Structures are given as C-alpha cells and as structure tokens.
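To keep things clear, I will list the structure first and then write my remarks on it.
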Amino acid sequence: MRVGRRMVGAIDLRAGTTDDIVRFGGHVGYSVDAEHRGARYAARSLMLLRILANAHGLDPLWITCNPDNIASRRTCELAGAVYVETVLLPETSDMYRDGDREKCRYRLATTVD
C-alpha cells in the first residue's frame, strides 16, 4: 500500500483456492504500519483488490482474522465483506501451533456492479 511515494502497508492475494484457504487462511493478507492505522488504507485496498481477484476467477474472496482483532474485522466490514462464521482451527494447522485457536470468516464478492 502506498500513499504517494510512501509505503504505508502491504496487501497480498493468494490467487489459488484450497479448502484450507477458504476455511482458515483466507485469500487475502494485509497489514498497515502503526503510524498510518485508522486511515482505512486496508479497507480501500481490499476494495481495489476485488478487481484483480475477479480477473483471476476468484469470487468470492474469503478473508479471515482472529476474533479479537477488532480493527481487521472492521476493515472487512468497511470493504463490504459479510461475516459468515467463526471456526475452530485444527490442532494440526500452523496457525494453531502459533497460538491461534479460532478464525472469523468473511466473504467478499469480487463482482463489481
């Protein structure tokens, strides 16, 4: 993510679809540098990323985050994603081994009217 020439964060698209991506990992990862948080850069980037995702045949995009990550949940909502459910992570997953136990799942349509 850039504002002018300045990097303010990052967003990436996992262009493939697997059961693990859909259920636990999501198609999208993003982060915003601390000093730039609150400016809705991640939400705006998600809205723009829909076009690229659609070009790759991804519809919908699945986005996941930890239940206690209020900023990420709000980002999903601001981008137009719909909360679907909260799922338990399998004990065999890398995320579980890293300490996560649950993920909120959001669905974001990539078709643009």
Debye log10 I(q)/I(0) for the chain, one point scatterer per Cα, at q = 0.18 Å⁻¹: -0.91
Residue (of Met7, Ile63, Thr110) at the positive-pole extreme of the chain, dipole from beta-carbon charges: Met7
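For the chain, what does -39500 (n - 2.57) per DSSP helix run (n ≥ 4), summed and divided by total residues, give at 222 nm, in deg cm²/dmol to the nearest 500?
My calculation for the chain gives -7000 deg cm²/dmol from helical runs alone.
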Charge tally in the Cβ shell below 10 Å around Pro60, where Lys, Arg are +1 and Asp, Glu are -1, Pro60 excluded: +1
Sort 51-64, 90-103 for me by packing, meaning the mean count of neighbouring Cβ atoms within 10 Å per residue, highest on top. 51-64, 90-103
The range 85-113 and the range 46-72 have their Cα centres apart by a whole-number Å value of 12
Taking amide hydrogens as modeled 1.01 Å from N in the peptide plane, which residues meet the under 5 Å criterion relative to Thr110, leaving out close sequence neighbours? Leu61
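Bear in mind these aren't lab numbers, they're just calculated from the coordinates by the rules spelled out. Here the structure is a predicted model, which is why all the values come from computation and not from measurement. Every residue, glycine among them, receives a Cβ derived from its backbone with ideal geometry; neighbour counts consider all protein chains shown.
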